[in-house]
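To start, I am sharing the structure in question, which I have written as structure tokens.
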Amino acid sequence: MAVENAVASTVQTGPTAGEYVIHHLHFWQNKASDAVIDMSVIHIDTVFFSVLLAALTFWILWAAARKASSGVPGRFQAAVEILVEFVDNEAKGIIKNAESRKYVAPLGLSIFVWVTLMNTMDLLPVDLIPTVWAWLVGLFGGDPAHAYMRVLPTADVSGAMGLSVAVLLICLYYNVKIKGMGGWAHELVTAPFGTSKNPIMAVLLGIVNFAMQLIEFASKTLSHGLRLFGNMYAGELIFMLIALMGGAFALTGTGIGLAVGHIIAGLAWAIFHILIIILQAFIFMMLALVYIGQAHDHH
């Protein structure tokens, strides 16, 4: 009986599969959330890695510009030049205003590189940084069991929606800059259904048009951020489930099979996930360019 209790105690020291996943999906927060939507809660890990990778994006593009020369380019310069030319061509096809493109094309390039770097954090081993963080917390007298750390900013709905809201604010800026405050205000109440010479119908159409404009802005912003979040969250969750296969290793046929499956599945998913990482960054950038381009169009 004593042996059975000891075995049971040993087994219970490790987290269950559900506890493991929940722990990895928990954010390092400044406080516990008091509601479904609590704007006072800050995900410190999301902010930290977003700012860190934004600085890395700045350094990469600055280093490329600093090393640019008219001679034969090196591999790094050639790769950046190809990327710059690609984004610039996409911007030319969407935004006809040459003056706007001076700012929007570099913005699109920065978005693509930044989102790609943030997405790439998903390729790090699931337990690497969280384990190091838990060790550091324990080293300084904290509770390692409650040391939460998520390294993928785009798998945080707050991070992804923050990016999409930033794009929305840029769109609003260009609506005012290109059309003027009066012109844009007129567009808000006359598009997409037009207006009428009848005063009553003009008011009714104005209300409907304004409501449709608000719905359009809201739907574009939500879909822009949630598309990125959903894809990266799903990818992160699959990596966690694959990690659980490796955690089930034991000197049994099933245990060895799970360990081998963990290696094969992890490698296959990582290779495939590289495509998702780049594709989601590209889609987010292209939608940002499209939405900003629409802000230049007159209705």
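Among what's in region 42-89 and is open to solvent by 40 Å² or more (accessible area, probe 1.4 Å) and aromatic (F, W, Y), pick the residue that is nearest to S158 (Cα to Cα).
Among residues in region 42-89 that are open to solvent by 40 Å² or more (accessible area, probe 1.4 Å) and aromatic (F, W, Y), the one nearest to S158 (Cα to Cα) is F48.
Something else now. Any idea which residue in region 17-41 is nearest to V113 (Cα to Cα), counting only those that are of a type in the set (D, E, K, R) and open to solvent by 40 Å² or more (accessible area, probe 1.4 Å)?
Ranking the candidates gives K31 first.
Q77 versus (1) over 24 Å from the mean Cα position of the chain (by Cα); (2) of a type outside the set (A, V, I, L, M); (3) at pLDDT 95 or above: which is the lone unmet condition?
The one condition Q77 does not meet is (3).
Another question, if that's okay. Among the residues that make up region 94-103, is at least one of them in a helix (DSSP H, G or I), open to solvent by less than 70 Å² (accessible area, probe 1.4 Å) and touching a residue at least 40 places away in the same chain (Cβ under 8 Å)?
Yes, some residue in region 94-103 is in a helix (DSSP H, G or I), open to solvent by less than 70 Å² (accessible area, probe 1.4 Å) and touching a residue at least 40 places away in the same chain (Cβ under 8 Å).
Of the conditions (1) open to solvent by 50 Å² or more (accessible area, probe 1.4 Å); (2) of a type outside the set (S, T, N, Q); (3) within 20 Å of Y20 (Cβ to Cβ); (4) under 21 Å from the mean Cα position of the chain (by Cα), I263 fails just one. Which one is it?
So the condition that I263 fails would be (4).
Follow-up. Please determine, by comparing only the residues of region 108-125 that are part of a helix (DSSP H, G or I) and open to solvent by 50 Å² or more (accessible area, probe 1.4 Å), which one is nearest to M285 (Cα to Cα).
W114
Are any residues in region 266-292 open to solvent by 70 Å² or more (accessible area, probe 1.4 Å) and aliphatic (A, V, I, L, M), and if so, which ones?
Once the filter is applied, which keeps residues that are open to solvent by 70 Å² or more (accessible area, probe 1.4 Å) and aliphatic (A, V, I, L, M), region 266-292 yields L267, I271, I274, L275, I278, L279.
Is it the case that L228 is more than 14 Å from the chain's Cα centre (by Cα) and in contact (Cβ under 8 Å) with a residue 60 or more places away in the chain?
Values: more than 14 Å from the chain's Cα centre (by Cα): no; in contact (Cβ under 8 Å) with a residue 60 or more places away in the chain: yes.
In short, no.
Among the numbered conditions (1) more than 22 Å from the chain's Cα centre (by Cα); (2) more than 22 Å from G18 (Cβ to Cβ); (3) open to solvent by less than 60 Å² (accessible area, probe 1.4 Å), tell me where T252 comes up short.
Among (1) more than 22 Å from the chain's Cα centre (by Cα); (2) more than 22 Å from G18 (Cβ to Cβ); (3) open to solvent by less than 60 Å² (accessible area, probe 1.4 Å), the lone unmet condition for T252 is (3).
On to the next question. Just to check your reading of the model, which residue among I238, I242 is surrounded by 13 or more Cβ atoms within 10 Å (Cβ to Cβ), in contact with a Gly (Cβ under 6 Å, 6 or more places away or on another chain) and in a helix (DSSP H, G or I)?
On the way: I238 fails: in contact with a Gly (Cβ under 6 Å, 6 or more places away or on another chain).
Result: I242 is the single residue among I238, I242 that is surrounded by 13 or more Cβ atoms within 10 Å (Cβ to Cβ), in contact with a Gly (Cβ under 6 Å, 6 or more places away or on another chain) and in a helix (DSSP H, G or I).
Restricting attention to region 166-186, which residues are surrounded by 14 or more Cβ atoms within 10 Å (Cβ to Cβ) and closer than 18 Å to A98 by Cα?
Result: I170, C171, Y174, N175, V176, K177, I178, K179.
The values are calculated or read from the model by the stated rules, or taken from the named source; none is laboratory data. Bear in mind the structure is a predicted one, so any value in this text is a computation, not a measurement. Cβ atoms come from the backbone with ideal geometry, glycine included; neighbour counts cover every protein chain shown. Note: areas computed on protein heavy atoms with side chains; ligands, DNA, RNA excluded. Shrake-Rupley method; radii C 1.70, N 1.55, O 1.52, S 1.80 Å.
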